[in-house]
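K.L.:
The structure is given below, and queries will be raised subsequently.
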Amino acid sequence: MRVVIVDDHPIFRHGIAELIGEEADMEVVGEASNTAEAARQIAETKPDVVVVDLSLQDGHGIELIEQLAEREDAPKAIVCSMHDESLFAERALRAGAMGYVNKQETTEKLVEAIRRVAAGEVVLSDKMTRRLLQNVVGGKAGEQDPVETLSNRELEVFEMIGEGLTTKQIAGRLDLSPKTVEAHREKIKGKLALANSAQLSRQAFLWVYERRK
């Protein structure tokens, strides 16, 4: 089983690579920190599975997954991210991912998830699976949440606002400039018809809280 790891944190990337290297049925054939490097690695090594973080140096992991899904020889993709599954898993699946694992989970769970995704299974937590089924049965799948109009990067910023992070903290977490984060905040306020920063903070907190219940 050939695996490429796409993550902008070298310590995490190398740690996962070492763990996978101990598995008899797996080998890491490439590592990348951004989408451009990932595209090259994947084209050269033709992996079976790509492990993708959402926050990358030059873009967003979901955009990379969408690009991979368009390939005839598309590898299976699984997200491994610090971002909450309840906020991003549905977007990742729509983009073409086969699974979602939070970085707070044990590394053994990630290895098992990679193995299951390679076998063609969709891997989500029990809680997320129940949420998706409830949405379908309850008819919510067709309803448009205004937050769904946000881009992937804007949703990352919105999540962190809901967690109480400042602009400077968000910039550091996402490797962006504070000016760029402020621009995202303004776009979010416009899309959600929010008048000021106080309304944005309250809306973000309530939305994140409701999704994580």
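Every read-out reported here was derived from the displayed coordinates using simple, explicitly stated rules and does not represent laboratory data. Remember, predicted model here, so these are calculated numbers, not experimental data. Here the Cβ positions follow ideal geometry from the backbone for every residue, glycine too, while neighbour counts run over all protein chains shown.
K.L.:
Work out the FRET efficiency for GLU186 and GLU148 from their Cβ-Cβ distance, taking R0 = 30 Å, and round it to the nearest 0.05.
P.N.:
0.95
K.L.:
Next up: List the residues, sorted by chain then number, that are 5 or more residues from ASN34 or on another chain and whose placed amide H is less than 5 Å from its amide H.
P.N.:
Sorted by chain and number, the residues that satisfy this come to none at all.
K.L.:
Amide H to amide H under 5 Å from VAL123: which residues, 5+ apart in sequence or cross-chain, H placed 1.01 Å off N in plane?
P.N.:
Residues meeting the criterion, in which the H sits 1.01 Å from N, are GLY99, TYR100.
K.L.:
Just to be sure I understand: of the beta bridges DSSP finds with both ends in the stretch 2-135, what percent are antiparallel, rounded to 5?
P.N.:
Around 10 percent antiparallel, to the nearest 5.
K.L.:
Separation between the ASN135 and THR106 pseudo-spin-labels, each 7 Å from Cα along Cα→Cβ, expressed in nm?
P.N.:
Roughly 2.9 nm, to one decimal.
K.L.:
Could you state the principal axis extents of the C-alpha atoms in the chain, from the largest down, to the nearest angstrom?
P.N.:
55, 42, 32
K.L.:
With the dipole of the chain worked out from charges on the C-beta (+1 for Lys and Arg, -1 for Asp and Glu) around the Cα centre, which of LEU56, THR166, LEU19 lies farthest toward the positive end?
P.N.:
It is THR166, whose Cα lies furthest towards the positive end.
K.L.:
Loop only per DSSP, at most 10 neighbouring Cβ atoms within 10 Å: give me the GluC sites (Glu not before Pro) in the stretch 1-59, ordered by residue number.
P.N.:
Numbers: sites: GLU18, GLU22, GLU23, GLU27, GLU31, GLU37, GLU44; in loops: GLU22, GLU23.
Sites meeting the loop and neighbour criteria: GLU22.
K.L.:
Which distance in Å, rounded to a whole number, links the C-alpha centroids of the stretch 53-86 and the stretch 180-213?
P.N.:
Computed from Cα coordinates, the inter-centre distance equals 24 Å.
K.L.:
With respect to the cross-link table entries LYS103/LYS213; LYS103/LYS127; LYS76/LYS109; LYS103/LYS191; LYS76/LYS191, which display a Cα-Cα separation exceeding 22 Å?
P.N.:
Values: LYS103/LYS213 19 Å; LYS103/LYS127 16 Å; LYS76/LYS109 17 Å; LYS103/LYS191 30 Å; LYS76/LYS191 33 Å.
Beyond 22 Å between Cα atoms: LYS103/LYS191; LYS76/LYS191.
K.L.:
Would you grab the residues whose amide H sits under 5 Å from the one on GLU105? Only those 5+ places off in sequence or on another chain, please, with H modelled 1.01 Å from N.
P.N.:
Excluding prolines and chain starts, which carry no amide H, there are no hits.
K.L.:
Now a separate question. In straight Cα distance, which lysines are under 16 Å from LYS189, not counting same-chain residues fewer than 8 positions off?
P.N.:
LYS179
K.L.:
Based solely on its DSSP helices, what 222 nm [θ] is calculated for the chain when runs of n ≥ 4 H residues each add -39,500 (n - 2.57) and the sum is averaged over all residues, nearest 500 deg cm²/dmol?
P.N.:
-16500 deg cm²/dmol
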